[in-house]
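The values are calculated or read from the model by the stated rules, or taken from the named source; none is laboratory data. The model shown is predicted, which means the values in this text are computed figures rather than measured ones. Cβ: placed from backbone, ideal geometry, glycine included. Neighbour counts: every protein chain shown. Protein only, heavy atoms only, side chains kept; ligands, DNA and RNA dropped before computing areas. Shrake-Rupley method; radii C 1.70, N 1.55, O 1.52, S 1.80 Å.
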Number of protein chains: 2
Amino acid sequence: MGIKEETIKMKAAAPYLAASSVEQRNKALLMVAENLRANAAKIFEENKRDLAAAEEDHIAQAVKKRLKFDEGKLRDVIKGIEQLVALPDPLGKVTLKRQLDEGLVLNRVSCPIGVIGVIFEARPDALVQISSLCIKSGNCAILKGGRETTYTNRILFQVIHDSIIDAGLPADCMLQAEQHSEIDELLSCHETVDLLIPRGSNSFVQYIMNHTKIPVMGHADGICHIYVDRDYDPNKAIPIIIDAKTQYTAACNAVETLLIHRDIAGKFLPVLAKALKENGITLRGTKEVTDLIGGETIGEQEFKEYLDLIVSVKIVDTVNDAIAHINKYGSHHTDSIITENAETAELFMQMVDSAGVYQNCSTRFADGFRYGFGAEVGISTGKIHARGPVGLEGLVTYKYKLFGCGQIVDDYATGKKEFHFKDL
Amino acid sequence: MGIKEETIKMKAAAPYLAASSVEQRNKALLMVAENLRANAAKIFEENKRDLAAAEEDHIAQAVKKRLKFDEGKLRDVIKGIEQLVALPDPLGKVTLKRQLDEGLVLNRVSCPIGVIGVIFEARPDALVQISSLCIKSGNCAILKGGRETTYTNRILFQVIHDSIIDAGLPADCMLQAEQHSEIDELLSCHETVDLLIPRGSNSFVQYIMNHTKIPVMGHADGICHIYVDRDYDPNKAIPIIIDAKTQYTAACNAVETLLIHRDIAGKFLPVLAKALKENGITLRGTKEVTDLIGGETIGEQEFKEYLDLIVSVKIVDTVNDAIAHINKYGSHHTDSIITENAETAELFMQMVDSAGVYQNCSTRFADGFRYGFGAEVGISTGKIHARGPVGLEGLVTYKYKLFGCGQIVDDYATGKKEFHFKDL
């Protein structure tokens with residue numbers, strides 16, 4: 001059966017999953033945790049097959065590290081599931097209860113989005129995390145993992161799928177796609193799939209965004225900025241910059257561009273140059289920067305997402321110039337200001353049009369776990385629906401339920417009756 | 001200057017509008033109301049030019065009625081503006097305040113979406129209503145009205161634009177597009193425009209959705225259902241059906257399809273046929289319906305949005321069959337069940353995947369004013385972001401502000417520090 005037919009079945013199953021009780025969904029999650037533990041040896045064995053294939057294919061060390069699924073990662077995903085079970089039900093929350101008139105009551109109630117397609121990178125723990133979030137939020141999920149984790153994903157999916165069936169949830173509410181060709185088929189399912197969450201490289205996410213009518217949640221690039229203000233604290237600036245660049249260089253929330261206030265450039269730039277050098281970071285900058293401290297000269301329109309130990313540097317005249325640069329060249333992900341001046345910070349955080357606006361801390365904090373969300377399905381740079389790190393809240397929508405006893409609109413249009421709004 | 005260049009200027013103005021105080025935005029709204037009143041004679045005069053042109057073009061009576069902008073409509077839009085002024089500021093609301101660790105505080109704060117393009121039908125009052133909602137919510141707006149209201153829209157826009165400038169808001173935060181050709185240019189501005197809200201015919205909205213990368217909020221079609229359950233109250237069913245079909249036949253929330261439970265079909269269908277006939281409504285139905293009460297026989301896959309005095313009728317065996325039909329053939333807009341059985345109603349309202357799910361009342365209640373939202377920019381059948389009638393709440397998003405004092409992620413990754421989440 002093709003993906004299209006599968007998603008039609010899934011769409012039909014979605015209301016049944018949506019109607020399941022939180023007890024049932026939590027039971028399924030606990031069974032997933034239990035069965036992952038019970039099948040640990042088999043899972044590690046399958047993971048070794050993926051690792052051996054990666055070895056043969058000379059896959060980069062960083063990727064191999066993400067690919068590995070060992071006792072430590074198993075413990076982490078099981079802990080994550082248990083945390084998720086402990087969270088309150090995101091469904092059925094009444095966010096508005098209003099009497100429109102005698103005997104006519106409007107409720108706005110949270111409900112699942114429906115059918116979600118997740119296409120993710122070579123991280124087996126991501127498969128478990130995303131499935132768990134979808135189960136808790138009552139969403140059907142189509143999961144497409146990376147080719148590099150075929151064997152690990154297959155057994156993980158099998159364990160999860162068996163568990164949800166045993167827990168009494170509809171079998172059709174979860175599906176694994178294994179072929180790369182199935183991605184294009186999935187992109188055409190706008191009649192059955194409500195949301196796509198792609199996680200991967202900039203070009204991959206761009207491709208998804210440009211080839212589907214399904215709403216896409218996520219981010220293509222992460223060009224994060226740190227602006228060092230005139231009123232900066234030198235003891236904070238350097239450690240934050242080094243952390244934001246080196247703590248996980250390939251992450252979307254790593255810093256790529258530094259903006260330095262002109263008044264402090266003469267004093268700060270040599271210190272910065274020294275720190276960058278000590279940490280193996282290559283400096284690129286506009287001419288006035290490289291004139292001062294060396295490095296390759298580039299124009300600001302060449303500043304980009306390096307995902308590498310390289311950073312772009314530019315001098316700005318005012319905080320407003322920094323804001324204008326970030327809004328023009330940034331990717332609306334996460335940007336930080338280093339300043340002791342609360343007013344300047346407030347202006348920056350108000351005017352920068354990004355999901356995360358920080359004062360005096362590393363851009364690397366942009367993450368669902370670090371925000372205390374428990375887990376995330378991804379980080380959104382879109383402004384429609386969820387923004388920033390997205391946890392359970394981003395996986396639900398709402399519907400309006402209106403309870404009447406025979407009311408017709410004509411009575412209100414003709415003035416025979418009148419609305420009497422009263423929030424209950 | 002082309003639309004693209006205009007939206008670039010608008011994007012640059014957006015943070016300044018976002019940073020404006022609610023006093024400033026309310027002042028602008030009150031000046032709009034005052035200046036509309038002061039220019040009433042001129043506005044009515046321009047509207048007469050549009051009406052004369054409509055007369056010459058033999059435009060349909062229903063359209064002419066919407067086109068007319070008279071003392072009554074002026075009073076309504078001014079009343080709407082005053083209501084909007086009275087509403088609390090939708091911006092700067094802190095929806096999450098969490099200490100992540102000592103001296104590291106995360107705030108989630110509501111903010112405008114940014115730049116919104118609204119393309120709407122020939123209703124001058126819609127231009128005022130939508131502009132007002134954008135001003136209150138701090139969003140820049142590009143407004144494209146129907147050709148039929150060129151003169152009226154031009155003067156209304158002039159009055160509104162002058163008012164916001166006088167109130168000290170950025171001149172670039174509002175723009176009127178007049179040429180039909182400018183729509184395609186607007187659709188290509190995905191780098192500067194954050195959201196499109198098209199209001200108009202099914203085919204027009206479909207065209208917009210299929211020709212842009214900008215997120216679109218709204219609805220193409222409205223195939224609303226009424227399901228008459230076995231446990232229905234005959235005194236409620238007929239008035240609700242007649243209201244839902246005739247109170248405003250061309251509206252998206254008018255009913256198009258009736259589903260009747262088999263157990264009551266023999267008794268209810270003749271009564272229905274009589275009522276439809278008395279109200280000038282043409283009946284179409286599946287063979288077993290027309291065998292019983294006449295009318296044109298059509299298959300359920302031919303049921304559609306008529307926007308006319310025509311209704312499709314089908315017999316279903318169970319409430320689950322009704323739900324399955326609605327989820328398969330409906331447009332996820334608004335669907336109503338007529339039943340005295342609370343359990344059946346709950347099942348229907350839980351399982352039907354629509355923005356509005358009603359019990360014992362007319363589908364025509366799906367409307368921002370009737371929900372007590374004051375005004376609406378449109379009704380959304382999408383499930384991402386806003387759903388159902390969309391007022392101020394659907395025009396805002398949020399950003400995460402993180403206040404630190406030098407925190408770096410590495411300290412938490414290496415275990416030197418630990419997160420201590422505490423909601424404040």
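So for segment B:361-375 (the condition being modelled with pLDDT under 95, crowded, with 19+ Cβ neighbours inside 10 Å and within 23 Å of A:Val115 (Cβ to Cβ)), does at least one residue qualify? No, the conditions are met nowhere in segment B:361-375. The number of residues in segment A:229-268 that are away from every other protein chain (no Cβ under 13 Å) and assigned to a strand (DSSP E or B) comes to 6.
Selection of segment B:200-230 for residues being open to solvent by 30 Å² or more (accessible area, probe 1.4 Å), of a type in the set (D, E, K, R) and over 23 Å from A:Thr381 (Cβ atoms) yields B:Asp221, B:Arg230.
The rows are residues; the columns are (1) over 21 Å from A:Asp243 (Cβ atoms); (2) within 29 Å of the chain's Cα centre (by Cα); (3) of a type in the set (Val, Ile, Thr).
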| site | (1), (2), (3) |
| --- | --- |
| A:Lys274 | no, no, no |
| A:Glu278 | no, no, no |
| A:Ile281 | no, yes, yes |
| A:Asp291 | yes, no, no |
| A:Asp308 | no, yes, no |
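In this structure, B:Arg230 does satisfy being basic (Lys, Arg) and within 27 Å of B:Ala324 (Cβ to Cβ). Screening A:Thr152 on (1) in contact with a Phe, Trp or Tyr (Cβ under 7 Å, 6 or more places away or on another chain); (2) not in a helix (DSSP H, G or I) shows it passes everything except condition (2). With the requirement that a residue be more than 7 Å from chain B (Cβ to nearest Cβ) and among the β-branched types (Val, Ile, Thr), what does segment A:377-407 give you? Matches in segment A:377-407: A:Val377, A:Ile379, A:Thr381, A:Val390, A:Val396.
A:Ser110 meets each of the listed conditions (1) small (Gly, Ala, Ser); (2) open to solvent by 40 Å² or more (accessible area, probe 1.4 Å); (3) under 30 Å from B:Ile240 (Cα atoms) apart from (2).
Scanning segment B:333-348 for residues that are crowded, with 24+ Cβ neighbours inside 10 Å and either in contact with a Leu (Cβ under 7 Å, 6 or more places away or on another chain) or not hydroxyl-bearing (Ser, Thr, Tyr) (or both) returns B:His333, B:Asp335, B:Ile337, B:Ile338, B:Phe348. Going by the conditions given, is B:Phe69 open to solvent by less than 50 Å² (accessible area, probe 1.4 Å), within 21 Å of B:Asp162 (Cα to Cα), in contact with a helix residue (DSSP H, G or I) (Cβ under 6 Å, 6 or more places away or on another chain) and aromatic (Phe, Trp, Tyr)? When the stated conditions are applied, B:Phe69 passes them. Going residue by residue through segment A:151-168, is there one that turns out to be free of Cβ contacts under 8 Å to residues at least 60 places away in the same chain, open to solvent by less than 50 Å² (accessible area, probe 1.4 Å) and touching a Cys at 6+ places or on another chain (Cβ under 8 Å)? No: zero hits. Screening B:Lys328 against (1) within 23 Å of the chain's Cα centre (by Cα); (2) away from chain A (no Cβ under 14 Å); (3) of a type in the set (Lys, Arg) leaves a single unmet condition, (2).
Residues in segment A:333-355 that are more than 7 Å from chain B (Cβ to nearest Cβ), touching a strand residue (DSSP E or B) at 6+ places or on another chain (Cβ under 7 Å) and among the hydrophobic types (A, V, I, L, M, F, W, C): A:Ile337, A:Ile338, A:Ala345, A:Phe348, A:Val352. Could you tell me whether any residue of segment B:297-305 is of a type outside the set (A, V, I, L, M), in a helix (DSSP H, G or I), more than 16 Å from B:Arg364 (Cβ to Cβ) and in contact with a helix residue (DSSP H, G or I) (Cβ under 9 Å, 6 or more places away or on another chain)? Yes, segment B:297-305 has at least one match. If a residue must be among the charged types (D, E, K, R), facing chain A (nearest Cβ under 9 Å) and over 20 Å from B:Asn107 (Cα atoms), how many such residues does segment B:408-424 contain? Final tally of qualifying residues: 2. Which pairs do you get when a residue that is more than 8 Å from every other protein chain (Cβ to nearest Cβ) and over 24 Å from A:Leu395 (Cβ atoms), found in segment A:356-372, comes within reach of a residue that is part of a loop (DSSP other than H, G, I, E, B) and open to solvent by less than 10 Å² (accessible area, probe 1.4 Å), reach meaning Cβ atoms under 6 angstrom, with the pair 6+ apart or on two chains? Cβ pairs passing all conditions: A:Thr363/A:Asn253. For segment A:398-423, the set of residues classified as open to solvent by 50 Å² or more (accessible area, probe 1.4 Å), outside any strand (DSSP E or B) and farther than 24 Å from B:Ser380 by Cβ consists of A:Asp410, A:Thr414, A:Gly415, A:Lys416, A:Lys417, A:Glu418, A:His420, listed by residue number.
You will find that of A:His190, A:His225, the residue that is over 17 Å from A:Val311 (Cβ atoms) and either away from chain B (no Cβ under 14 Å) or modelled with pLDDT under 95 (or both) is A:His190 and no other. Total residues in segment A:286-322 satisfying the condition of being of a type in the set (Val, Ile, Thr) and open to solvent by 10 Å² or more (accessible area, probe 1.4 Å): the figure is 9.
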